[in-house]
Amino acid sequence: MSEENKDGVENSIKKWIKETGFPLEMQAANVFNELGYDVRQSYVVKDIQENKPREIDILATYPFELDRGITRIFCILECKSSKHPWLVFDGENTLSSYNMLHSFAIMSPDALSEIGDVILNDKSRKSWEIFQHSSKCGYALRQPFSDKDTGYTAAMNVLKACCNVIEPTQKYSLPQINVAFPILVVDKPIFECAYVEGELTVKQVPHSKFLFSSYIPNFAISRINIVHIDHLDSFAKHYINVATKLREILEPIEQKAMDKIKGQS
């Protein structure tokens, strides 16, 4: 192939790639890579609902020096490149009746149990900080000017991915404390819509969040963050802090589990 033809093919391939969602996914993965996360792209897990392989756009975990294999904290990213903007319907009381753990992230049974015990036994309420509800949260995601319910599909995909990841694959003597945070990454503007004093308001925001639930096949619920790719760096840094605090809270539980295993050997 001549240099001229080679350049032509390369340019055609680049043009094709830019018309797909791959650049957004690669850009998002690069943000987490540069902050030191372990990043897996096109990661395949078993779909617990349909019993078949399912691909996740990006699975990111932040590595810690001391890792006993008990606590696993994931950021699960679904990347959505599109022609239309995104709209979160905002609600002042969306989280008012929900347990703060159940809307925090998708958790394995052991994670819910162990973290719940920590919170109940913490008289100082120091460990409560990262689980506290924010002042507001949306209740639905839509994509204006599109006939398809792409907001629901995107939310369903990332929630299902989280459920598939945290599901214990087999029984172990050690607890399996798995926590997954669902994140939608987009390359078009994000807006929030609210009803304030009898008027509809719409404003552009760099990121937002909304509560989403489904049966996969059991009931699952979590806040889902939607963030524009230009602001993903701050989110990746935020979850390093969240993971660090979670591991600090769970360290005594991990140590207790390890001591128990040593005592049985």
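The values are calculated or read from the model by the stated rules, or taken from the named source; none is laboratory data. Because the structure is a prediction, the values reported are computed rather than measured. With ideal geometry, Cβ positions are generated from the backbone for all residues, glycine too; neighbour counts draw on all protein chains shown. Ligands, DNA and RNA are stripped out before the accessible areas are found, and what is left, the full protein with its side chains, is counted by its heavy atoms. Shrake-Rupley method; radii C 1.70, N 1.55, O 1.52, S 1.80 Å.
R0 = 25 Å: FRET efficiency of SER97 with TYR195, Cβ-based, nearest 0.05? Don't skip to the answer; put the middle values down first.
On the way: r = 19 Å, r/R0 = 0.77.
According to the calculation, E is roughly 0.85.
Quick one: work out Rg over Rh on the C-alpha atoms of segment 172-226, Rh as Kirkwood radius.
Values: Rg = 16.6 Å, Rh = 14.3 Å.
Rounded to two decimals, Rg/Rh equals 1.16.
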To the nearest 0.05, what FRET efficiency results for ASN51 and SER213 with a Förster distance of 22 Å applied to their C-beta separation? 0.50
Quick one: net charge of VAL88's neighbours, Cβ under 12 Å, K/R +1, D/E -1? +3
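Counting heavy atoms of the protein chains only and a 1.4 Å probe, report the per residue accessible area for segment 173-225 as a whole number of Å². Walk me through the numbers before you get to the answer.
Details: 2440 Å² over 53 residues.
With all protein chains present, segment 173-225 gives 46 Å² per residue.
May I ask for the longest run of the chain untouched by trypsin sites (Lys or Arg not before Pro) that are loop-located per DSSP and have at most 15 neighbouring C-beta atoms (other than their own) within 10 Å? List each step's numbers first, then the result.
Numbers: sites that count: ARG68, LYS83, LYS123, ARG125, LYS136, LYS148, LYS171.
That would be 172-265.
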If a paramagnetic tag sat 7 Å from the Cα of TYR152 along the Cα-Cβ line, which residues of segment 90-111 would have the backbone N under 20 Å from that point? 90-91
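Hey, any idea what % of segment 167-242's accessible area is carbon plus sulfur with a 1.4 Å probe? Write out the running numbers ahead of the final one.
Values: 1990 of 3850 Å².
Looking at segment 167-242 in its full context, I get 52 percent from C and S.
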Based on the alpha-carbon set only, what is the convex hull volume of segment 124-264 divided per residue, in Å³? 158
Helix 232-264: inclination vs the chain longest Cα principal axis, degrees, rounded to 10, gives 30
Rounded if a/c is under 1.5, else prolate if a/b beats b/c, else oblate: with a ≥ b ≥ c from the C-alpha gyration tensor eigenvalues square-rooted, which is segment 181-257? prolate
Once Rh for the chain is found with the Kirkwood sum over Cα pairs, what is the Stokes-Einstein diffusion coefficient at 25 °C and 0.890 mPa s, in µm²/s? 122
Backbone N within segment 210-229 under 17 Å of label point (7 Å from LYS188 Cα along the Cβ vector): 226-229
Using only the Cα atoms of segment 105-178, build the gyration tensor, take square roots of its eigenvalues as a ≥ b ≥ c, and label the shape rounded, prolate or oblate: rounded if a/c is under 1.5, else prolate if a/b is larger than b/c, else oblate. oblate
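Is segment 51-188 best put as rounded, prolate or oblate by its Cα gyration tensor, with a ≥ b ≥ c the root eigenvalues, rounded for a/c under 1.5, and otherwise prolate when a/b is larger than b/c, oblate when not? Please report the intermediate quantities before stating the final value.
On the way: a/c = 2.32, a/b = 1.37, b/c = 1.69.
It is oblate, given that a/c is not under 1.5 and a/b is not larger than b/c.
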Considering only protein heavy atoms, with the full assembly of protein chains and a 1.4 angstrom probe, order TYR37, TYR139, TYR43 by accessible area, largest first. TYR139, TYR43, TYR37
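Is there a quick way to get the dipole size of the chain? I mean about its Cα centre, with the Cβ of Lys and Arg at +1 and of Asp and Glu at -1; what is the value in debye to the nearest 20?
Details: 30 positive and 35 negative charges, 114 e Å.
Approximately 540 debye in magnitude.
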Exactly which GluC sites (Glu not before Pro) in segment 187-265 are in a DSSP loop and have at most 16 other Cβ atoms within 10 Å? GLU197
In segment 29-106, what percent of the accessible surface is made up of carbon and sulfur (1.4 Å probe, ligands and nucleic acids excluded)? 42
